1. Enter the angle in degrees (range 0 to 90, nearest 10) between the Cα long axis of helix 79-91 and the first principal axis of the Cα atoms of the chain, meaning the one along which they spread out most.
2. Mind pulling the angle between the C-alpha long axis of helix 51-64 and the longest principal axis of the chain? Nearest 10 degrees, somewhere in 0 to 90.
3. Rounded to the nearest Å, what's the spacing between the alpha carbon centres of segment 49-83 and segment 1-48? Just the number, please.
4. Using only DSSP helix segments of four residues or longer, with each worth -39500 (n - 2.57), what per-residue ellipticity at 222 nm results for the chain after dividing by its residue count and rounding to 500?
5. Select from segment 1-98 those trypsin sites (Lys or Arg not before Pro) which occupy a DSSP coil region and have at most 16 other Cβ atoms within 10 Å, ordered by residue number.
6. Measure nothing fancy, just the Cα-based angle from helix 159-178's long axis to the longest principal axis of the chain, in degrees from 0 to 90, nearest 10.
Amino acid sequence: MNAVTTVASGFALGVSMVGAIHDWKSGEIPNWLTLPPLLIAPLAYGLAIGPEQAARSFAAASLNVVVPYLLFRRGGIGGGDVKIFGALGAVTGFDPFLGLEIQLAALFLAMLSALGVLAWRGQLIRTLVGAVAQIPRFLLPGRHAPKLSDNLSAPIRMGAPILIATAIHVGPPLLLASGQL
């Protein structure tokens, strides 16, 4: 791992850690944490490595916000989650798919967490049955579709799953680079 990727990986871990702390305390991931990396990472890559790497960083950030933005539009996640995924995509732009791997792992961890919360509340089976009952909603035209139930979800803050996923993906290479693994 070269110096640029080591710094970028450490920065990604730091951004996700601060995001998780803010999300845990306030339920929000602040703009001052997510917007600067979105803007600065492609610029820094451009200056350190060249314009091709700046374009890769920008492309990784853009690619990383597609699915979270769709989830945001459907009320599935918050806007801060979309921006932190974009920021992580930009920062880890040295590997264009690393941000997507972090995102997929974070969404998987959040899903497991939601299932755990529903099981703890004794609502898991009822929610799963209700979710299956909603399949016709996606197959039938709008006016014939059944009404969407409100109790088919468990709110989960995404900060911790994002931190854990980032640590899983960038932690081992960082430890190897530092000689501690």
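1. 30
2. 20
3. With segment 49-83 and segment 1-48 each reduced to a Cα centre, they are spaced 13 Å.
4. -24500 deg cm²/dmol
5. Taking segment 1-98 and a limit of 16 other Cβ atoms within 10 Å, the loop trypsin sites (Lys or Arg not before Pro) found are ARG74.
6. Helix 159-178 and the main axis of the chain meet at about 30 degrees.
The numbers here are math on the coordinates, done by the rules we state, and not lab data. This is a predicted model, so every value here is computed, not measured. So basically every Cβ, Gly included, is an ideal-geometry build from the backbone, and we count neighbours across all protein chains shown.
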